[in-house]
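The values are calculated or read from the model by the stated rules, or taken from the named source; none is laboratory data. Small disclaimer: the values here were computed from a predicted structure and weren't measured. We place every Cβ from the backbone using ideal geometry, glycine too, and count neighbours over all the protein chains shown.
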Amino acid sequence: MISWKEIDTVLFDMDGTLLDLHFDSYFWKQLVPERYADKEGLSRATVWSIIGPKLEEVAGTLEWYCFDYWSKELGMNILGMKKDITHKIQFRPHAEQLLKHLHASDKKIILATNTNRDGLNLKMDFIPFAQYFDELYSSHDFGHPKEEQAFWQNLSQNLDFDPTRTLFIDDSLEVLRSARTYGIKHLLAISQPDMTLPKVETGEFQAIDNFCDLLPIE
Ligand SMILES: [Mg+2]
């Protein structure tokens, strides 16, 4: 699937790639609507017609991923609510095993997430995966999400990497397309970002089903 001899940098997305997207799906599709409905005196049946368009309006922008934006927009403590459900944060199957093998190899291992620093720290406090990475980047540091070319241009100014010798793994097809436009040669999607839901279509991208399929690192 991957010829490791052709790769010297591996870029990982976090949510839905290394970590089970269920934490975030549960948070946005269940917990937030329930609490918002209770707070505003709305029925559970109508609350999504209020929240859904708010989410759609900023899809693919940095606001979509910003806790402060949603705390203001919804009048709720988003970070505090996430802290209430940290027990739901978990690796996708064999993700840690792959990270350990890569860490022991000569490859550079980089995290590139659209989650802001609060979200990144929340997850690293619960699962200490920073030890496996050479660098961790949040798109909020650059002011542009991975969907935009400006993210990749900023990343290249901070990180010495050759796009033609880089593997990027992400569960977002829009983000993968952005990385491809920038020139990243080796791209993999995720066939089951949320382990409680069925597998998803990954369009023109080859998808990884089990991270063990990428082993051994040679
Ligand atoms: Mg993701």
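For the reader, a short list of remarks on this structure follows.
- Any hit, the range 52-70, residues being more than 15 Å from the ligand (Cβ to nearest atom), closer than 25 Å to Pro128 by Cα and out of contact with any helix residue (DSSP H, G or I) (no Cβ under 9 Å at 6 or more places or on another chain): no
- Within the range 186-218, tally of residues that are without any contact (Cβ under 8 Å) to a residue 60 or more places away in the chain, closer than 23 Å to Ser3 by Cα and among the hydrophobic types (A, V, I, L, M, F, W, C): 4
- Taking the numbered list (1) surrounded by 21 or more Cβ atoms within 10 Å (Cβ to Cβ); (2) under 17 Å from the mean Cα position of the chain (by Cα); (3) not polar (S, T, N, Q) in turn, Leu187 passes all entries but (1).
- Within the range 154-174, residues that are over 21 Å from Thr17 (Cα atoms) and polar (S, T, N, Q) reach partners that are at pLDDT 95 or above and part of a helix (DSSP H, G or I) with beta carbons closer than 7 Å, at six or more positions or on different chains, in the pairs Asn154/Phe142.
- Selected residue (criterion: surrounded by the fewest Cβ atoms within 10 Å (Cβ to Cβ)) from residues of the range 1-24 that are away from the ligand (no atom under 11 Å from the Cβ) and part of a helix (DSSP H, G or I): Lys5
- Among (1) outside the structural domain of His186 (by TED's automatic domain parsing); (2) out of contact with any Ser or Thr (no Cβ under 9 Å at 6 or more places or on another chain); (3) hydroxyl-bearing (Ser, Thr, Tyr), the one test that Ser105 misses: (1)
- Filter result (within 16 Å of the ligand (Cβ to nearest atom), in a strand (DSSP E or B) and hydrophobic (A, V, I, L, M, F, W, C)) within the range 92-130: Ile110, Leu111, Ala112
- Scanning the range 136-169 for residues that are within 24 Å of Leu79 (Cβ to Cβ) and not small (Gly, Ala, Ser) turns up Leu136, Tyr137, His140, Asp141, Phe142, His144, Pro145, Lys146, Glu147, Phe151.
- Residues considered: Trp48, Trp28. Of these, the only one that is surrounded by fewer than 19 Cβ atoms within 10 Å (Cβ to Cβ), within 14 Å of the ligand (Cβ to nearest atom) and on the phi < 0 side of the Ramachandran plot is Trp28.
- Given (1) part of a helix (DSSP H, G or I); (2) touching a residue at least 40 places away in the same chain (Cβ under 8 Å), index of the condition Met76 fails: (1)
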